[in-house]
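Below is one structure, written out as structure tokens; comments come after it.
Throughout, read-outs are computed from the coordinates displayed, never taken from laboratory work. Worth saying up front: this structure is predicted, and the values here are computed from it rather than measured. FYI the Cβ positions are ideal-geometry reconstructions off the backbone, even for glycines, and counts take in every protein chain you see.
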Amino acid sequence: MDASVDSATRAPLALGIRANLAQFALLVGVNGLVGALVGQERALVPLLGERVFSLRSTTAVLLFIVTFGIAKAISNLVAGALADRVGRKRILVAGWIIALPVPLLLMVAPSWGWVVAANVLLGINQGLTWSITIVMKIDLAGPRRRGLAMGLNEFSGYLALALSAAATGALAARYGLRPEPLFLGLAIAALGLGLSVLFVKDTSGHAELEEGAATPRPFAEVARLTSFGDGRLAAISRTGLVNNANDAYMWGLLPLLLAGQGQSTAEIGVAAAAYPAAWGIGQLVTGALSDRIGRRAPIASGMWIQAAALLGLSVTGGLSAGVAFALLLGIGTALTYPTLLAAVGDLAAPGWRAAAIGVYRTWRDGGYVFGALTAGAIADLFSLRAAFAVIAAVTALSGLDAWLHLRPDSSSDNLNSVG
């Protein structure tokens, strides 16, 4: 096991989850709070648009996802570009500070524009905090357990998202859509900020332990490689974009689909929670699985499973079917989501890994914009079911794209020498 000494504390540094268990576990918990903050919106915000602000256009309702996606994508890029310059912890704390006004704005919003503005801040929060918890866990885990580290990170975030969505739905069914359910979000943001300021330690020193950490690349070069310069990283970025487009469809359209079928707010909350719950819990297994069998098969098969679930939502109705296909979509996403992150960690050298993760996550979260715009347009022109059918076809093709471009040995082929 590699080790060095932190010059500030003289404490030995070592790579590995076990060697850094306390900090790793703390970061798992912090990322759970990151997921829980966005989870409060899963069942709530689409219904606010329809029932409180009387929006009749699906595209108008989904505008909050568009602004969220743009803000999150840009924040991912900023977090990745700055992580190696200013340190991980400062970015994490900044993200939590930005989160504090979000539930307050949703509580008092007199118009839909305020909700959209709140989601800009939420997108910045998610881009900064989630990106950095990913980078910090990869720093601590070292090269042998990246898949497991990403599985645990995404498990905590999306299980907490699911629990928060279900809790928010239950609170909204009892007390109304606001303000009571949003007090949960305020407590989550305050707790996340407190833990990050008081207990989280920067992990930049751990990244320096890995071979190649002293050979950073210019950010423009990293952006080129991750976007189109390297075929494998480019395929990972494209797959991530489609994966998050699916999330936008589920976030924006599933509550409206079930509401149109006469389901109650509490029942919609259950269905909205089923998808991220399966996604979150499944990653406990799938991240570690990809360490053993490689990244290609989980990524491609996960996209094909997602396509089957989305197709199911396009042809069936009722709460039971909605929950069943939401669970299936979550299983497919669990196979794909942490594995894509681990694959970026495999291919990017330590000196530019944070930047590569930021660029990848920018493309991936651009899927929220693509997904929300296409979902709203197709639903307005045709129907909610037609929108799910179209994204099912796109997802199936994305799985084929990943299968063709990700070689079985790509997880061991580091790009340190690529010019």
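Values computed for the structure shown
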quantity	calculated
Dipole moment magnitude, nearest 20 debye, the chain about Cα centre, only Lys, Arg, Asp, Glu C-beta charged	160 debye
Rounded D (µm²/s) - segment 29-174, Kirkwood Rh over Cα pairs, Stokes-Einstein at 20 °C, 1.002 mPa s	134 µm²/s
Within straight-line cross-link reach of Lys201, lysines at Cα separation under 18 Å, skipping those fewer than 8 residues along the same chain	Lys89, Lys137
Principal axis box of segment 66-138, alpha-carbon based, largest edge first, Å	41, 20, 17
Vicinal HN-Hα couplings computed from phi for segment 334-350 (Karplus, 6.51 cos²θ - 1.76 cosθ + 1.60; Hz; Gly/Pro x)	4, 5, 8, 5, x, 5, 4, 4, 4, 5, 4, x, 5, 7, 8, 5, x
All-pairs alpha carbon distance profile, segment 88-128, 10 Å steps from 0, percent	34, 46, 17, 3
Loop sites in segment 359-393: chymotrypsin sites (Phe, Trp or Tyr not before Pro), DSSP, at most 13 other Cβ within 10 Å	Phe382
Gaussian network model of the chain, Cα within-10 Å springs - most flexible of Ala109, Ala160, Ala273	Ala109
FRET efficiency estimate (nearest 0.05) - Cβ-Cβ, Ser264 to Val86, R0 45 angstrom	0.45
Amide H contacts under 5 Å for Leu13, placed H, 5+ residues apart	Ser4, Val5, Asp6
Cβ-derived FRET efficiency at R0 25 Å, Ala393 paired with Tyr175, nearest 0.05	0.05
Most mobile of Leu381, Leu284, Leu44 in a GNM of the chain (Cα contacts under 10 Å)	Leu381
Exposed-loop-free span, longest in the chain, where trypsin sites (Lys or Arg not before Pro) count as exposed if DSSP calls them loop and at most 11 other C-beta atoms lie within 10 Å	57-419
Highest-fluctuation residue, Gly205, Gly322, Gly269 considered, GNM on the chain with Cα pairs under 10 Å	Gly205
Farthest toward positive dipole pole in the chain [+1 Lys/Arg, -1 Asp/Glu at C-beta], among Ala308, Ile98, Gly194	Gly194
Sum of side-chain charges, Gly169 neighbourhood, beta-carbon under 9 Å (Lys, Arg +1; Asp, Glu -1)	0
Kirkwood Rh in Å, taken over all unlike Cα pairs in the chain	21.0 Å
Cα centroid separation - segment 326-384 against segment 154-201, whole Å	23 Å
Gained length - Ile281 relative to Arg51, 0.36 nm times residue gap less alpha-carbon distance	79.6 nm
Order of His206, His405 under a 10 Å beta carbon neighbour criterion, fewest first	His405, His206
Helical mean residue ellipticity (222 nm; -39500 (n - 2.57) per DSSP H run of 4+; nearest 500) of the chain	-25500 deg cm²/dmol
At 1.306 mPa s and 10 °C, Stokes D of segment 117-264 from Kirkwood alpha-carbon radius, µm² per second	85 µm²/s
